[in-house]
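Okay, so here's the structure we're looking at.
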Amino acid sequence: MFDFDVIVMGAGLAGMRAALAASQNGSKVAVITKVYPVRSHSNAAQGGINAALTDRGDNWEDHAFDTIKGSDYLADQDAVEVMAKEAGSEVINMEHMGAAFNRDDQGRLGVRAFGGQREARTFFVADFTGQALLHVLHEQVLNSGVKVFEEWFVTSLIMQEGRCNGVVAMDMRTGELHVMRAKAVIIASGGVGRVFEPSTNALICTGDGIALGYRAGAGIMDMEMVQYHPTTLKNNGALMSEAARGEGAHLLNSEGERFMERYAPNMMELASRDVVSRSEQTEINEGRGIDGCVLLDARHLGEKLINERLSQIRQLGIDFAGKDMVTDPVPIRPGMHYIMGGIKTDIDGQTSIPGLYGAGETACVSVHGGNRLGANSLLDTLVFGRRSGEHASEWVKNQTSASVDDSYSKTDREAIQNLLNRDKGEMFGQIRLNLGQTMNKHLAVYRDQNGMEQAKSDLIELKNRYSNVIVHDKNLIFNTNLIFTLELGFMLDCAETIILGALERKESRGAHTRTDMPDRDDKNWLKHIVVSQINGEPKVDYVPVNITKWQPQERKY
Amino acid sequence: MKYAFYPGCVSRGAAPELYTATIEVCKRLGIELDTQTMEGASCTGSGVLQEKNERLGDTLNARTFAMGENSGLPIMTICSTCQGVMSQAKARMTDVEYRESVNSDLSEENLEYKGQAEPRHLLWIIIEDIGIEKFKEKIVKPLTGLKIAPFYGCYIVRPSDALGFDENPERKHSLEMIIEAVGAEVADFPGKSACCGFPILTINEKNSMKMVSNHTLSAKKEGAVAMVTPCPLCHLNLDGYQPTASKQVGQPIDLPILHLPQLIGLALGIDPKSLKLNQHIVNTEKVVSALALTP
Amino acid sequence: MDVDLNIARFNPDAEGKSPYRQEFNIEVNETDTVLDGLIKIREEVDGTLALRCSCRSAICGSCAMRVNGQAVLACNTKITDLVSNKNKSINVEPIGNMKIIKDLIVEFDTHWEKIKAIDPWIKTDSSPPEAEYIASNESMVELAGVMGCIQCGACVSDCTVLAVDETFLGPAALAKAYRFIADPRDEANSQRLKDLNEPSGIWDCTRCMQCVEVCPKGVDPMGRIMKLRDFAMEAGFKNTNGARHAEVFSEIIRNNGVLNEFWLPVKTFGMFNIPEMLKLAPIGLKMVMRGKMPPIFYEKIPGYKNITKLFEKTKVL
């Protein structure tokens, strides 16, 4: 049987950072990942990582305030302070590990401007910062004692008397289920992108960890806060990094107007993402779009700069939109990109379940509140990944191993066998597509009561269809058909938490914009919405927002 | 049609039969060769010199290009490796700043590469300047019934963006076009664009020989009676070292390897001896006599 | 439009276990990629089709496969680029040089072993500075170029040396090695170059450019291997046939302008390397008999001195 001090679920930035921290602190660590670590979706983050470096005269408090304002005041300020204070050392640490950050003329780390921030404090590696950091972290993991179980799929958490004592995971190569005991489990399995169609997210972003936490009874917070990124390609939802706007690109409507002037006269294209997405959607809805899109114009930046700093997105535009941004504006529109919500954790990654931690996009500390600033996600993964790893590693020193045996895999084994035994039913593909379409229709940039209620009833129907889903592939070895079907189950659970949170919040804040309740209501709604599953039934709670220094104000860009 | 003939090093050294065959064939095809202009031109570097110093390689090739430009004649190559190395150098020197810095080294000889020279292999010249239809008209002894396997040589097929494949897509299957144009049938086999192993001959003979035996045997499996290649370095390995490869794999191979002009020369009715087909390591009798039997 | 995807399949669970081919005819859009087609098949037609894929935008490296014989990323290979009025069939196979697990999924284990074999982490003896290491933007841009590698395996798939010798480190591992040697913060260059100089290392590349051709991220693995050879020679690792070959080649061109294939192999092995000279002898003899022997006395081209001068100017040898 597999036995570890700490098991990390997910090998993206947060997962690997947590694993490294725990390992360096003396723990026996395993990382379980359903794809090779370098395939993790962290690699899609393009623009950069924020940090206020004091030796440059920047101030962590400014970064903190920008983040809190960006969050529409839903972020917990104690958590934001921690993140802003520790950002500098995280970035320097990554540089020491070998990250190839862009440099200025003096050979020091270079910066670019990014959305929602008054000071340029985004450090970057061309336009593939996420990939660059992910590979560097992977290099370090290869040199550590961390054991990585590659292409293993977690099917459930092992819960005993309200405590998490490990996981049940399938070795995808053989199809066999294994019980893996641990004194602490850190869930860092990323976001829920595939719940929406289209989405910038990879196909692996199916909310596995959030659903597992939900099923185990952990509190899931702020799930209604779904970020629609302003610049995604129409064809396949691919992301065109904010870095383009950071380098000076403009957004134009069908009349050639830089319309952000009317919505955010100060920050223009670099206002926070929810503001820009709403502005674009309004332009499109009011007939000033082209084919459901507006235009990203980077021509004036020049070929040299584009090749040096935006080469990857230039290629994306050519490959997937048929437009070379050196010579043409690229049609883009808002697309689902990130979830600010997730498993509720404290600033050390602890969830409401002892022995269970969360970090990265999976978690909601909350540092992003109602809207995340660009380049804060990479920072979030590293800071809270590290903190979870360190805390879990210390905590387990005082824990004894639980008594866990192979019988813990019985439930999952039977469930899978039942699935495979079914010889009539609907394939997962259409159910997944319909789920994505309904979420993208009713839980997108603009929402209203009717739409969200429709989504709720659609979900019930989708869950019914799912109970009759068929898996064509009856074989054990690398049964991707089975994996996708299990993932769909996770996605349906995540969708439930999103719809519940959205219906519950009776105001507009951050990314949650209701056309029937368009104003922010601090008096009644300056609080988090936490959904948990008790005996299979969803329950809704509220948690106050932690305020330290910054009282909520009107949010203008 | 007149060209500044750049024969490369090997056709004047270990593969003189290529040089002779080229002269013979060009005479018949109406390709006039100026052999003076390139007399003082250096080796292209063959990729090996570029290993030590890429810029030096570019400088030597810029020098050759400048000499070509001065003569006012287009440059003709007869070796895949020469072609590829030159094309890659040319691609790097489309950057005006780089080209100018290279030219500053050439100024002592009063040479300046202006970015216009476009060296092309005889293989491409036949298809692009003569045209495949006109070429077919010159065939007097079609190689009907003969199955010939094409072996390109890495440097004339990769990297595709340096070799002008976008503007001239026919280059991609130029060798097969010639084989069909001379009346023969193409013996298509998987390794036709793979590596012959010549570059690692002195470094890892085992791997080099394995490549030779893999490609020759798989060509034979497709029914090839001979293989044709536009690269004398490939020829050195596939022909010169075929006995060694055969010994290593423990199987007889006996596949004659023809230089491109030799294949064309046979179809133009030139006698095998003039094409120096008796100067190969692997006996070419089989092909020659098979030809004698075809009407 | 409709297209035929002809897929090489393998079911490891099946009795008898033989690979087989299956053709699927599906409707696709103008802008669809091969991956879109494959996903359509597995979601609507045959759920048993197994393949790896994730990001759909050429960043994660999961979907490398051989399409019409060449390694590509399925997600940025447009169907319209591959079909025409005359031919609407596309051949899809798993990538080469790796053991097939199921359908289009292959074992990447050996690949990761080779990556690990080159010690893929920054090595320093001294402690890092308080703040960031000072480094030029050029050096970081150079690093970013080679770190664009997404470990997709396309270069490994089509490497002609790996096709005959699985012990070769391969283009991906060697490009990764270059990443560390080119990193100004790594202090282990000497040891790294020493290890790479061993058999199955940098000198075993046959310079066929397949890796350059198929790399979807422009990493140029062969170019990096060539640079590593240059670094190795400069660092004094000259005692390999490969290094000697490059040195001798250089020397011959420098002094004569053109190559001499008699002296090249002789000097590469070393005139007094009796076993190799004995091996060369019969081949040399055959060549003499066929009139193919290059002259023993060097033939210098007219104006060869200009070549020598250029070598001196560029400070080579």
Revision key, fill the gap. Scanning segment C:189-212 residue by residue, those basic (Lys, Arg) and either assigned to a helix (DSSP H, G or I) or in contact with a Cys (Cβ under 6 Å, 6 or more places away or on another chain) (or both) turn out to be C:Arg192, C:Lys194
Check your understanding: Considering A:Gly88, A:Gly115, which residue is part of a loop (DSSP other than H, G, I, E, B) and either within 26 Å of A:Val38 (Cβ to Cβ) or at pLDDT below 95 (or both)?
Key -> A:Gly115
Revision key, fill the gap. Taking segment C:284-298 and keeping only residues that are facing chain B (nearest Cβ under 8 Å), surrounded by 13 or more Cβ atoms within 10 Å (Cβ to Cβ), of a type outside the set (A, V, I, L, M) and in contact (Cβ under 8 Å) with a residue 24 or more places away in the chain, one is left with C:Pro294
Review point. Does C:Pro294 qualify as being in contact with an Asp or Glu (Cβ under 6 Å, 6 or more places away or on another chain), in a loop (DSSP other than H, G, I, E, B) and closer than 20 Å to B:Met67 by Cα?
Key: no
Revision key, fill the gap. Considering segment B:248-273, residues that are among the small types (Gly, Ala, Ser) and exposed (fewer than 14 other Cβ atoms within 10 Å of the Cβ), and then whichever is farthest from B:Met177 (Cα to Cα), we arrive at B:Gly250
Review point. Is there any pair with a first residue in segment C:256-274 that is closer than 21 Å to C:Lys286 by Cβ and a second that is at pLDDT below 80 whose Cβ atoms are under 6 Å apart and which are 6 or more apart or on different chains, and what are they?
Key: C:Asn260/C:Pro294; C:Asn260/C:Tyr298; C:Glu261/C:Pro294; C:Phe262/C:Pro294; C:Phe262/C:Ile296
Review point. Which of the residues belonging to segment C:136-177 are among the acidic types (Asp, Glu), away from chain A (no Cβ under 14 Å) and either assigned to a helix (DSSP H, G or I) or crowded, with 24+ Cβ neighbours inside 10 Å (or both)?
Key: C:Asp158
Check your understanding: In segment A:68-101, how many residues are facing chain C (nearest Cβ under 9 Å) and acidic (Asp, Glu)?
Key -> 1
Point to revise | Boolean, B:Leu49 is within 13 Å of another protein chain (Cβ to nearest Cβ), touching a helix residue (DSSP H, G or I) at 6+ places or on another chain (Cβ under 7 Å), surrounded by 19 or more Cβ atoms within 10 Å (Cβ to Cβ) and closer than 28 Å to B:His259 by Cα | key: yes
**Study point:** Within segment B:180-295, helices (runs of 4 or more DSSP H) holding 2 or more residues that are more than 18 Å from the chain's Cα centre (by Cα), free of Cβ contacts under 8 Å to residues at least 60 places away in the same chain and in the same structural domain as B:Ala149 (by TED's automatic domain parsing)
**Key:** B:205-221, B:242-249, B:285-293
Revision key, fill the gap. Counting only helices (runs of 4 or more DSSP H) wholly inside segment A:359-461, the ones holding at least 1 residues that are within 14 Å of chain C (Cβ to nearest Cβ) and not polar (S, T, N, Q) are A:410-421, A:428-442
Practice item. Looking only at segment C:28-35, decide whether some residue is out of contact with any Phe, Trp or Tyr (no Cβ under 6 Å at 6 or more places or on another chain), within 11 Å of chain A (Cβ to nearest Cβ) and closer than 23 Å to A:Leu482 by Cβ. Key: yes
Exercise for review: Kindly provide the set of residues from segment A:457-514 that are surrounded by fewer than 20 Cβ atoms within 10 Å (Cβ to Cβ), of a type in the set (S, T, N, Q) and either touching a Leu at 6+ places or on another chain (Cβ under 6 Å) or modelled with pLDDT of 95 or more (or both), ordered by number.
Suggested key: A:Ser457, A:Asn464, A:Ser467, A:Asn468
**Study point:** Matching residues, segment C:56-89, being surrounded by fewer than 24 Cβ atoms within 10 Å (Cβ to Cβ), outside any strand (DSSP E or B) and of a type in the set (A, V, I, L, M)
**Key:** C:Ile79, C:Leu82, C:Val83
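Residue-wise test of (1) at pLDDT below 95; (2) away from every other protein chain (no Cβ under 14 Å); (3) closer than 30 Å to B:Ala187 by Cα.
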{"residue": "B:Ser87", "(1), (2), (3)": "no, no, yes"}
{"residue": "B:Val102", "(1), (2), (3)": "yes, no, no"}
{"residue": "B:Leu111", "(1), (2), (3)": "yes, no, no"}
{"residue": "B:Ala117", "(1), (2), (3)": "yes, yes, no"}
{"residue": "B:Ile127", "(1), (2), (3)": "no, yes, yes"}
{"residue": "B:Val140", "(1), (2), (3)": "yes, yes, yes"}
{"residue": "B:Thr144", "(1), (2), (3)": "yes, yes, yes"}
Review point. Would you pick out the residues in segment B:66-79 that are assigned to a helix (DSSP H, G or I) and within 14 Å of chain C (Cβ to nearest Cβ)?
Key: B:Ala66, B:Met67, B:Asn70
Point to revise | Qualifying residue in segment A:292-308 (condition: touching a Lys or Arg at 6+ places or on another chain (Cβ under 8 Å) and over 30 Å from A:Asp222 (Cβ atoms)) | key: yes
Check your understanding: Among the numbered criteria (1) within 14 Å of chain C (Cβ to nearest Cβ); (2) touching a helix residue (DSSP H, G or I) at 6+ places or on another chain (Cβ under 8 Å); (3) under 25 Å from B:Phe135 (Cβ atoms), which single criterion is violated by B:Gly40?
Key -> (3)
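To keep it simple, each residue is scored yes or no on (1) without any contact (Cβ under 8 Å) to a residue 40 or more places away in the chain; (2) in contact with a Cys (Cβ under 6 Å, 6 or more places away or on another chain); (3) under 18 Å from A:Arg112 (Cα atoms); (4) of a type in the set (Ser, Thr, Tyr).
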| site | (1), (2), (3), (4) |
| --- | --- |
| A:Glu286 | yes, no, no, no |
| A:Arg309 | no, no, yes, no |
| A:Val326 | yes, no, no, no |
| A:Met336 | no, no, no, no |
Revision key, fill the gap. Filter segment C:252-283 for residues that are part of a helix (DSSP H, G or I) and in contact with a Leu (Cβ under 9 Å, 6 or more places away or on another chain); the one that is surrounded by the most Cβ atoms within 10 Å (Cβ to Cβ) is C:Ile253
Exercise for review: Determine whether segment A:301-323 contains at least one residue that is away from chain C (no Cβ under 14 Å), of a type in the set (Phe, Trp, Tyr) and not in a loop (DSSP other than H, G, I, E, B).
Suggested key: no
Review point. Is there a residue being within 10 Å of chain B (Cβ to nearest Cβ) and under 23 Å from B:Asn61 (Cα atoms) anywhere in segment C:187-206?
Key: yes
Practice item. Scan segment C:283-305 and give yes if some residue there is modelled with pLDDT of 90 or more, more than 16 Å from B:Val10 (Cβ to Cβ) and basic (Lys, Arg), otherwise no. Key: no
Review point. Take the residues of segment C:219-251 that are facing chain B (nearest Cβ under 10 Å) and not in a helix (DSSP H, G or I): which is modelled with the lowest pLDDT?
Key: C:Thr240
Exercise for review: List the number of the failed condition for A:Asp5; all other conditions in (1) part of a helix (DSSP H, G or I); (2) surrounded by fewer than 24 Cβ atoms within 10 Å (Cβ to Cβ); (3) out of contact with any Leu (no Cβ under 6 Å at 6 or more places or on another chain); (4) of a type in the set (D, E, K, R) hold.
Suggested key: (1)
Review point. Do we find that A:Asp62 is assigned to a helix (DSSP H, G or I), more than 12 Å from every other protein chain (Cβ to nearest Cβ) and over 23 Å from the mean Cα position of the chain (by Cα) in this structure?
Key: yes
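The values are calculated or read from the model by the stated rules, or taken from the named source; none is laboratory data. Since the structure is predicted, the reported quantities are computational estimates derived from the model, not experimental observations. Counting neighbours? That spans all protein chains shown, and the Cβs are built from the backbone with ideal geometry, glycine included.
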